[in-house]
Amino acid sequence: MTTVIECIDGHYDVQKTSYGETYVWCPEHVVLECDCGQRLVLSASQTACSCGADHVALVREVLVHQRAPHPWEVDYQEWRKKQGEFLHSEESYQLELSRLD
């Protein structure tokens with residue numbers, strides 16, 4: 001029986017450079033033990049074991065609910081609250097345009 005050992009969420013690594021910061025995406029992955037006894041590190045794009053077993057269904061099931069926010073997402077949401085601005089829907093935008101005529 002295939003066993004999930006560890007699941008690592010996708011995340012951004014921040015690397016300091018001479019000109020600022022660089023954000024490097026590290027995709028989510030699953031560490032599991034195949035029926036053949038091998039330990040594998042699998043991701044959404046790599047789901048097969050060297051024994052021929054494909055663990056695509058298990059990998060998708062484990063990774064389906066994982067999503068890492070962008071590093072600046074929290075800052076952006078705070079900025080939006082401070083500004084008091086909300087995005088207009090297409091319908092309200094068209095209504096505003098029609099009033100200009």
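The table for this structure:
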item	result
Selection count, segment 44-63, where residues are assigned to a strand (DSSP E or B) and over 15 Å from Thr3 (Cα atoms)	1
Positions within segment 1-31 being in contact with a Ser or Thr (Cβ under 6 Å, 6 or more places away or on another chain) and closer than 27 Å to Cys49 by Cα, in sequence order	Pro27, His29
Only one of Cys26, Cys36 that is modelled with pLDDT of 80 or more, over 22 Å from the mean Cα position of the chain (by Cα) and surrounded by 11 or more Cβ atoms within 10 Å (Cβ to Cβ)	Cys36
Residue list for segment 1-30, restricted to those being in a strand (DSSP E or B) and either in contact with a Cys (Cβ under 7 Å, 6 or more places away or on another chain) or touching a residue at least 40 places away in the same chain (Cβ under 8 Å) (or both)	Val4, Cys7, His11, Tyr12, Asp13, Val14, Tyr23, Val30
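The values are calculated or read from the model by the stated rules, or taken from the named source; none is laboratory data. Treat the numbers as computed from the prediction; the structure is a model and nothing was measured. Here the Cβ is made from the backbone with ideal geometry for all residues, glycine too, and neighbour counts use every protein chain on show.
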